[in-house]
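Below is one structure, written out as structure tokens; comments come after it.
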Amino acid sequence: MAFKVPRSVVVIDFEFIATTGERPIPVCMVAHELRSGQHWRLWQGQFGPAPPYPTGPDVLVVAFYASAEFGCYRALGWPMPSCILDLYIEFRNLTNGRRPPCGVGLVGALAYYGLDTIGAAEKDAMRELVMGGGPWSEAERTAILDYCESDVCALERLLPVMLPQIDIPRALLRGRYMAAAAVMEFNGTPIDVPTLQMLREQWTGIQDVLIAAVDRDYGVFDGRTFKADRFERFLQHQNTPWARLESGRLDLGDGTFRQASKSYPIIAPLRELRSALSDLRLNDLAVGQDGRNRTILSAFRSKTGRNQPSNSKYIFGPAVWLRSLIKPPQDHGIAYVDWSQQEFGIAAALSGDINMQSAYQSGDPYLTFAKQAHAVPADATKATHGPQRELFKQCVLGVQYGMTAGALALRIGQPAIVARNLLQAYGETYRKFRVWSDAAVDTAMLTGSLNTVFGWRVHVGESANPRSLRNFPMQANGAEMLRLACCLGIERGIEICAPVHDAVLICAPLDRLEADIGGMRAAMTKAAGIVLNGFELHTDATVIRYPDRYSDPRGRMMWNQVMSLISRHREAQKPAA
Amino acid sequence: MATEAPRLVEIADPFANLDNLRLSQDFSETCGVKKLLTTVPVRKPHKQEFVRVHPDPGYRDNFPAIDLKDDRELYIVARTVQAELATECVPATLFTAINRQGVIFLWPVRLPGPDGKQNEWWRSAAEAAALAMTQWIRMQAKMELGAYEISTATGTLPEPPWPDLPFNELLKIAFRDRVISSLDHPVVARLRGL
């Protein structure tokens, strides 16, 4: 893209009230236009229908973590700018994989470049003053505006120092996403608030009966205590393999339970229960007065550039059964639209491995892989060769995460030699991919970094993890794809409520739902084509219309169990007639 | 406060041609790394491994060799000293072979001596090597048979990834310190009880 020198460069910062689950309420804003030297200081009530400074495609807006600023834009009804430079994102990109000595916040970035910083303590005090919600005295208003302006001044100092290191055209693409992220945060995900309220009230009371109900099939709890020896006996009885620690004891980490749940569905309810008992903080789920789950998406927070919202505040955190709280508002529907086998498709496209590409395009890459490896006949189907397909599926999924033969053997419940043979078949069938994947790690180790098609970069830090580096092109280009799809979807006017790894949740009035699903799928197809240089990824959509609720199959049993117990518990609490 | 989402679609799109922004993901092109072959074992196939033999005649040749059975080491004898070591030397064909794990090795197969006599072990090994040029084979010693028993893989296995190095380079790596080019060589001294 030919990037023209902008007519105007505006550095902005807002102070706003951000109550849990609620939309931001702008308190004040300061903007400096760098060419003319003009300054604006606006307080609540002075904002107007559009920014007071120049706007348009040839105006560059500079901010630090811009989705916060553009959440305020959205709250004010201001049109979003099209050229956004987010110095937070660019600082993340310049230091991703390293540990800047003072963190990645504004103070951290200033300190990194040896520039003056404002004291962190002062920031906290001022934030508290803003978050207090007012009313503010004249002196406090001035102090808040001065504080807001001090951040703008800090950005002015930071911009010229960072600018030579920034790849501007691609930085603008990242900035574009921050506008989309702001809109998604503003939209939020519709929640069944009465049921959430009921769950919050009853959760403590039903825990013992819930444990008893789930444990009926396992016999591994003693009261509220999970007993490892009983679990070991259960595993022996079920003939289920399980990972062990070096000490020889069972690995009872959640990651192990999560992996095991995928291979052995019988483990899933137990994992959900354990997770609910240890991690569930229902009161942390951020739901606003309008019944929407809303929290900061923490865009670009992970090394791969994926969003990293708070697990406890975001409805798409790890407790999948809680996702049944998602329910479209009256006369609305929601759709969960995802790319099928996104990571396999990315690997196929970017590596240029023809076998892998044809496996993806077949619609069933797992069975096609088995056919390509001559493990099943050419006319095999999921029905005729289900178990073999499952083995090859687990191999594909395992390879994506750099799984070793030992770990794959545990996952498939087969001797290590079966796992080794599967991994060998993968390497031989997708030889070009293997060479490309090795070259990715070599590139990272030789040059000190890896980047995506649009320049999101990870640096090889002190403790390089070859497995993460190997996986980076799939994960990080997947993140690029999702960001681009979100931009395209939002710009088409689709109400995207939440980005979820390789999917989005959208909401629309029933009479527009189908059209918006089509629009979203088109946006996702287009995004995939752009990232993968023309290679097309398939999408799937799960549609839920009011009064139905969203349901993740992995958590359905747990949800039904909890709801049934709450119902009985409430009945029991009713006074006798 | 506004409730209607502002449509960005009305704004001129500065990202109209994203293809121009794509960076290459061809890592082998941007930063090539070549695996170096630094070890080439000289041995016959293990009894459990499936192997292939390079079908190109340029990847095999006959050599006079001395087999130190106690040390399980094979030495090549230079032509300059071959006549002096005629009684200790045996002729062998060195085939370039590879197993399913991608390990390249040189497979020595005995040729008949000056008397032209052949035995079943040598003959069956040579037959196995010839078969391995077109299919994956396994070779196991059968004492009761007095020869190697040859099995072929019945499944469809991929063709082996042969190295780019020419045969003489493979030989150099395999025999870098195992060429007898003078009668002062320690192997000669040992064979002569010196």
Worksheet, complete the sentence: Of the residues in the range B:152-173, those that are away from chain A (no Cβ under 14 Å) and either surrounded by fewer than 13 Cβ atoms within 10 Å (Cβ to Cβ) or touching a Gly at 6+ places or on another chain (Cβ under 9 Å) (or both) come to B:Pro166, B:Phe167, B:Asn168
Response to the item:
Considering the range A:344-384, residues that are within 14 Å of chain B (Cβ to nearest Cβ) and of a type in the set (D, E, K, R), and then whichever is nearest to A:Thr525 (Cα to Cα), we arrive at A:Asp353
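If you take the residues of the range B:14-64 that are among the hydroxyl-bearing types (Ser, Thr, Tyr) and more than 13 Å from the chain's Cα centre (by Cα), which of them is nearest to the other protein chains (Cβ to nearest Cβ)? If you could, list the steps in order and put the result at the bottom.
Taking the range B:14-64 first, the residues among the hydroxyl-bearing types (Ser, Thr, Tyr) are B:24, B:28, B:30, B:38-39, B:59.
Of the ones still in play, those that are also more than 13 Å from the chain's Cα centre (by Cα) are B:24, B:28, B:30.
Numbers: B:Ser24: 8, B:Ser28: 4, B:Thr30: 6 Å.
Applying the filter and picking the extreme gives B:Ser28.
For A:Ile267, state whether it is surrounded by 13 or more Cβ atoms within 10 Å (Cβ to Cβ) and in contact with a His (Cβ under 7 Å, 6 or more places away or on another chain). Quick ask: steps written out before the conclusion?
On the way: surrounded by 13 or more Cβ atoms within 10 Å (Cβ to Cβ): yes; in contact with a His (Cβ under 7 Å, 6 or more places away or on another chain): no.
No; evaluated as a whole, the condition is false for this residue.
Within the range B:68-88, identify whether any single residue is over 23 Å from B:Leu170 (Cα atoms) and among the polar types (S, T, N, Q), and answer yes or no. Reasoning before the result, please.
Initial filter on the range B:68-88 (over 23 Å from B:Leu170 (Cα atoms)): B:70, B:83-88.
Then keep just the ones that are among the polar types (S, T, N, Q); that gives B:87.
Taking every residue of the range B:68-88 in turn, at least one turns out to be over 23 Å from B:Leu170 (Cα atoms) and among the polar types (S, T, N, Q).
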Worksheet item: Which one of the conditions (1) assigned to a loop (DSSP other than H, G, I, E, B); (2) touching an Asp or Glu at 6+ places or on another chain (Cβ under 9 Å) does A:Leu537 fail to meet, given that it meets all the rest?
Response: (2)
Worksheet item: Of the residues that make up the range A:426-440, is at least one in contact with a strand residue (DSSP E or B) (Cβ under 9 Å, 6 or more places away or on another chain), more than 18 Å from A:Asn355 (Cβ to Cβ) and modelled with pLDDT of 90 or more?
Response: yes
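For residues in the range B:65-101 being under 30 Å from B:Thr134 (Cβ atoms) and among the basic types (Lys, Arg), which is farthest from the chain's Cα centre (by Cα)?
Step one: of the range B:65-101, the residues under 30 Å from B:Thr134 (Cβ atoms) are B:65, B:67, B:72, B:74, B:76, B:90-101.
Going one step further and asking which of them are among the basic types (Lys, Arg), we end up with B:72, B:100.
Working: B:Arg72: 18, B:Arg100: 11 Å.
For the range B:65-101, the residue satisfying everything is B:Arg72.
Given the criterion assigned to a strand (DSSP E or B), of a type outside the set (S, T, N, Q) and buried (at least 20 other Cβ atoms within 10 Å of the Cβ), identify the matching residue among B:Leu85, B:Leu106.
Numbers: B:Leu85 fails: assigned to a strand (DSSP E or B).
The conditions single out B:Leu106.
Matching residues to (1) more than 27 Å from A:Gly188 (Cβ to Cβ); (2) among the hydrophobic types (A, V, I, L, M, F, W, C); (3) in a strand (DSSP E or B); (4) more than 11 Å from chain B (Cβ to nearest Cβ):
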{"residue": "A:Gly37", "(1), (2), (3), (4)": "yes, no, no, yes"}
{"residue": "A:Gly48", "(1), (2), (3), (4)": "no, no, no, yes"}
{"residue": "A:Pro52", "(1), (2), (3), (4)": "yes, no, no, yes"}
{"residue": "A:Ala68", "(1), (2), (3), (4)": "no, yes, no, yes"}
{"residue": "A:Ala75", "(1), (2), (3), (4)": "no, yes, no, no"}
{"residue": "A:Trp78", "(1), (2), (3), (4)": "no, yes, no, no"}
{"residue": "A:Ile84", "(1), (2), (3), (4)": "no, yes, yes, no"}
Discussion item. Please go through the range A:540-551 and give me each residue that is touching a helix residue (DSSP H, G or I) at 6+ places or on another chain (Cβ under 7 Å) and not in a strand (DSSP E or B), ordered by number.
Written reply: A:Arg549, A:Tyr550, A:Ser551
Worksheet entry | Residues that are surrounded by fewer than 22 Cβ atoms within 10 Å (Cβ to Cβ) and assigned to a loop (DSSP other than H, G, I, E, B), drawn from the range A:320-360 | A:Pro329, A:Gln330, A:Asp331, A:Ser340, A:Gly352
Worksheet item: If B:Pro112 passes every condition in (1) part of a loop (DSSP other than H, G, I, E, B); (2) surrounded by 13 or more Cβ atoms within 10 Å (Cβ to Cβ); (3) modelled with pLDDT of 90 or more; (4) away from chain A (no Cβ under 14 Å) but one, which one does it miss?
Response: (3)
Discussion item. Just to be sure I understand, how many residues within the range A:203-249 are within 18 Å of A:Arg271 (Cβ to Cβ), among the polar types (S, T, N, Q) and free of Cβ contacts under 8 Å to residues at least 24 places away in the same chain?
Written reply: 1
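Table: residues versus (1) modelled with pLDDT under 90; (2) assigned to a loop (DSSP other than H, G, I, E, B).
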{"residue": "B:Lys117", "(1), (2)": "yes, yes"}
{"residue": "B:Ala129", "(1), (2)": "no, no"}
{"residue": "B:Met133", "(1), (2)": "no, yes"}
{"residue": "B:Tyr148", "(1), (2)": "no, no"}
{"residue": "B:Lys172", "(1), (2)": "no, no"}
{"residue": "B:Asp177", "(1), (2)": "yes, yes"}
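Please tell me if A:Leu513 is modelled with pLDDT of 95 or more, away from chain B (no Cβ under 13 Å) and outside any strand (DSSP E or B). Walk me through how you get there before you give the answer.
Working: modelled with pLDDT of 95 or more: yes; away from chain B (no Cβ under 13 Å): yes; outside any strand (DSSP E or B): yes.
It is true that A:Leu513 is modelled with pLDDT of 95 or more, away from chain B (no Cβ under 13 Å) and outside any strand (DSSP E or B).
Would you mind finding the one in A:Ala125, A:Ala181 that is away from chain B (no Cβ under 14 Å) and of a type in the set (Gly, Ala, Ser)?
Numbers: A:Ala181 fails: away from chain B (no Cβ under 14 Å).
Every option except A:Ala125 fails the conditions.
Are any residues in the range A:387-403 part of a loop (DSSP other than H, G, I, E, B) and aliphatic (A, V, I, L, M), and if so, which ones? Quick ask: steps written out before the conclusion?
To start, the set of residues in the range A:387-403 that are part of a loop (DSSP other than H, G, I, E, B) comprises A:401-403.
Passing the criteria: only A:Met403.
Tell me which residues, restricted to the range A:190-202, are in contact (Cβ under 8 Å) with a residue 60 or more places away in the chain and within 22 Å of A:Arg545 (Cα to Cα).
Step one: of the range A:190-202, the residues in contact (Cβ under 8 Å) with a residue 60 or more places away in the chain are A:190-193, A:195-196, A:198-200, A:202.
Result: A:Pro190, A:Ile191, A:Asp192, A:Val193, A:Thr195, A:Leu196.
Does B:Gln140 satisfy the criteria of being in a loop (DSSP other than H, G, I, E, B) and out of contact with any Pro (no Cβ under 8 Å at 6 or more places or on another chain)? Steps first, answer last, please.
Working: in a loop (DSSP other than H, G, I, E, B): no; out of contact with any Pro (no Cβ under 8 Å at 6 or more places or on another chain): yes.
No: the conditions fail for B:Gln140.
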Worksheet item: Could you list, in sequence order, the residues of the range A:72-93 that are under 21 Å from the mean Cα position of the chain (by Cα) and either farther than 26 Å from A:Arg35 by Cα or at pLDDT below 95 (or both)?
Response: A:Arg92, A:Asn93
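The values are calculated or read from the model by the stated rules, or taken from the named source; none is laboratory data. Here the structure is a predicted model, which is why all the values come from computation and not from measurement. Note that each Cβ is placed from the backbone with ideal geometry, even for glycine, and that neighbours are counted across all protein chains shown.
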